[in-house]
Amino acid sequence: MTPDAELPVWEREDAFALAKPGWGWMDRAGNCVEVAGFEELAQAVEKDAGARVNLVWTPAAKGYVLPEEVPELFPAMREARIRWARWDIQEGRRQMMVFGGALGVLALFQLYRHRFDPDSVLKNGPLGFALLLFVILGFLPWYQGRKRLARARSWGVGEMAEDGRAFRFEIWLAIQKTPVTRLLLGLLAMVGLVQLFAEVRYFNAIHRLEGLNALLGVKEFIFSGFNKTIPEAGLTKPGLSDQWWRLATAPFLHGHWVHWAMNASALAYLGKRVEVFARWPHLVMAYLISAWVGGETSLRFTSVTSVGASGGLMGLLGFLLVFESMHRLLVPESSRKRLLAGVVLTGVIGFAFRHFIDNAAHFGGVVAGMVYAALVFPKSASPHRPGTTMTDVLLGGAAIGALVCAALFACGKML
């Protein structure tokens, strides 16, 4: 058995808190449920709805463990996995029907409106929005559910142990405190709320002056997005030479509420992963540099106005790909492969929706993040996370200050 000192922090025996005596399980919110014995625990796992059973404890375990780490729970876990996969398939199919129907209606309408010109239809905003939701909320969950169902049906004890290691990493990561990631999310939320307020104020003014129906404003928010505030602080390409500050403010603005939600969820995961393993100064510095380089790349290779945190987020993704490849004992191999799959999926979506997505900013961001990690971190065979120097703290603090100023300046320009 490998000593704890030679294991990454998430794989050690004390990775989770000491458990209570007896039997029980903990949900994702940290609530504990005690049970009478093994049979009741196995029944709770087997009938688990929505994957609520996060960790369990038994008399034989010193601390909380995953259900996958208790061999006796294998039959119950297998049944639960099959049921979860079937639920994912059903939910994905339902979402595909909903958004597929909307997609079909919009496509027919736009074909008729543009006299059956396919190129004009592909450039239509509402149609692209419906197609994006169809892929992200429908097709991908359905596809992932099919893969999980196939694996669950052929699941054995060996696969259970292999999956348990990856799940242990993800569950341990989820419960880590990452205040700087929360700060970045707070800045994103602040600017998003100001952007929404400014858009609503604009539509109220139009309603009073021209008597437009308020439903037009609702339609505008649902389909067209935040078009009125983007010129105020977005990355407008003509005449940028005397407005360099737009490179700093544009990453905090978003073109649509779905755009904001997708970027916020990506920042919550990627930011936490960088902050936990590479430490917070490198999170903010990699994010800031990648967002700036992504903006510069977009400026040189595209002519349309750009907004969004995607350059910085792709930088974090590229940073993790290089950093975790040079620190192979820090994370499971399967988790690194999922990051690479994220890059491939982003590329596919970027190509399919190239009329709406700034692929130049994505490319510039991911390259900047990869270069940053390669230059700053040497290759290591240690399972331990790298430490933080005083220089890292000072530079990271300066980067935080720059991001806060950029967010406040963006709010000021919109207001």
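The values are calculated or read from the model by the stated rules, or taken from the named source; none is laboratory data. What you are looking at is a predicted structure, and each value in this text was computed from that prediction instead of being measured. All Cβ positions, glycine included, derive from the backbone under ideal geometry; neighbour counts span all protein chains shown. Remember, those area values only see protein heavy atoms, side chains included, never the ligands or the DNA or RNA. Shrake-Rupley method; radii C 1.70, N 1.55, O 1.52, S 1.80 Å.
Could you go through segment 349-361 and let me know if any residue there is in contact (Cβ under 8 Å) with a residue 60 or more places away in the chain, under 20 Å from VAL191 (Cβ atoms) and not aliphatic (A, V, I, L, M). Yes, some residue in segment 349-361 is in contact (Cβ under 8 Å) with a residue 60 or more places away in the chain, under 20 Å from VAL191 (Cβ atoms) and not aliphatic (A, V, I, L, M). The requirement of being among the acidic types (Asp, Glu), over 24 Å from ALA398 (Cβ atoms) and assigned to a helix (DSSP H, G or I) is fulfilled somewhere in segment 233-249, by at least one residue.
Any residue at all in segment 16-23 that is within 24 Å of VAL157 (Cβ to Cβ), free of Cβ contacts under 8 Å to residues at least 40 places away in the same chain and open to solvent by 50 Å² or more (accessible area, probe 1.4 Å)? Within segment 16-23, one or more residues are within 24 Å of VAL157 (Cβ to Cβ), free of Cβ contacts under 8 Å to residues at least 40 places away in the same chain and open to solvent by 50 Å² or more (accessible area, probe 1.4 Å).
Annotation: LEU216 fulfils all but one of (1) at pLDDT 70 or above; (2) part of a helix (DSSP H, G or I); (3) open to solvent by 60 Å² or more (accessible area, probe 1.4 Å); the unmet one is (1). Selection of segment 379-415 for residues being among the charged types (D, E, K, R) and outside any helix (DSSP H, G or I) yields LYS379, ARG385.
Residue by residue, here is whether (1) surrounded by 17 or more Cβ atoms within 10 Å (Cβ to Cβ); (2) of a type in the set (Asp, Glu); (3) over 25 Å from MET285 (Cβ atoms); (4) at pLDDT below 70 holds:
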residue: GLN195; (1), (2), (3), (4): yes, no, yes, no
residue: ARG208; (1), (2), (3), (4): no, no, yes, yes
residue: GLY211; (1), (2), (3), (4): no, no, yes, yes
residue: ASN227; (1), (2), (3), (4): no, no, yes, no
residue: ALA233; (1), (2), (3), (4): yes, no, no, no
residue: THR249; (1), (2), (3), (4): yes, no, no, no
residue: ASN263; (1), (2), (3), (4): yes, no, no, no
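Of all residues in segment 31-56, those that are more than 13 Å from GLU72 (Cα to Cα) and open to solvent by 70 Å² or more (accessible area, probe 1.4 Å) have Cβ atoms under 6 Å from Cβ atoms of residues that are outside any helix (DSSP H, G or I) and not aromatic (Phe, Trp, Tyr), 6 or more apart or on another chain, in GLU34/GLY24; ARG52/ASP27. Which of the residues spanning segment 152-173 are surrounded by fewer than 13 Cβ atoms within 10 Å (Cβ to Cβ) and either without any contact (Cβ under 8 Å) to a residue 12 or more places away in the chain or β-branched (Val, Ile, Thr) (or both)? Hits for segment 152-173 are SER154, GLY156, VAL157, GLY158. Scan segment 39-53 and give yes if some residue there is in a strand (DSSP E or B) and out of contact with any Pro (no Cβ under 9 Å at 6 or more places or on another chain), otherwise no. The answer is no, given that none of the residues of segment 39-53 is in a strand (DSSP E or B) and out of contact with any Pro (no Cβ under 9 Å at 6 or more places or on another chain).
Restricting LEU55, LEU18, LEU7 to those that are closer than 28 Å to PRO383 by Cβ and in contact with a Leu (Cβ under 7 Å, 6 or more places away or on another chain) reduces the list to LEU55.
Looking only at residues in segment 369-400 that are among the charged types (D, E, K, R) and either over 16 Å from VAL274 (Cα atoms) or under 25 Å from the mean Cα position of the chain (by Cα) (or both), the one that is surrounded by the fewest Cβ atoms within 10 Å (Cβ to Cβ) is LYS379.
Each residue in segment 137-187 was checked for being under 27 Å from VAL348 (Cα atoms) and of a type in the set (Gly, Ala, Ser), and 4 pass. Take LEU330 and tell me if it is closer than 30 Å to GLN243 by Cβ and not polar (S, T, N, Q). When the stated conditions are applied, LEU330 does not pass them. Do the conditions hold for LEU66, that is, is it touching a strand residue (DSSP E or B) at 6+ places or on another chain (Cβ under 9 Å) and within 20 Å of GLY156 (Cα to Cα)? It is true that LEU66 is touching a strand residue (DSSP E or B) at 6+ places or on another chain (Cβ under 9 Å) and within 20 Å of GLY156 (Cα to Cα).
Every listed requirement among (1) of a type outside the set (S, T, N, Q); (2) in contact with a Lys or Arg (Cβ under 9 Å, 6 or more places away or on another chain); (3) at positive phi is met by GLU324 save one, (3).
Could you grab the pairs with beta carbons closer than 9 Å, sequence gap of 6+ or different chains, first residue in segment 82-101 and open to solvent by 50 Å² or more (accessible area, probe 1.4 Å), second one basic (Lys, Arg)? Matching pairs, first to second residue: ARG83/LYS47; TRP84/ARG148.
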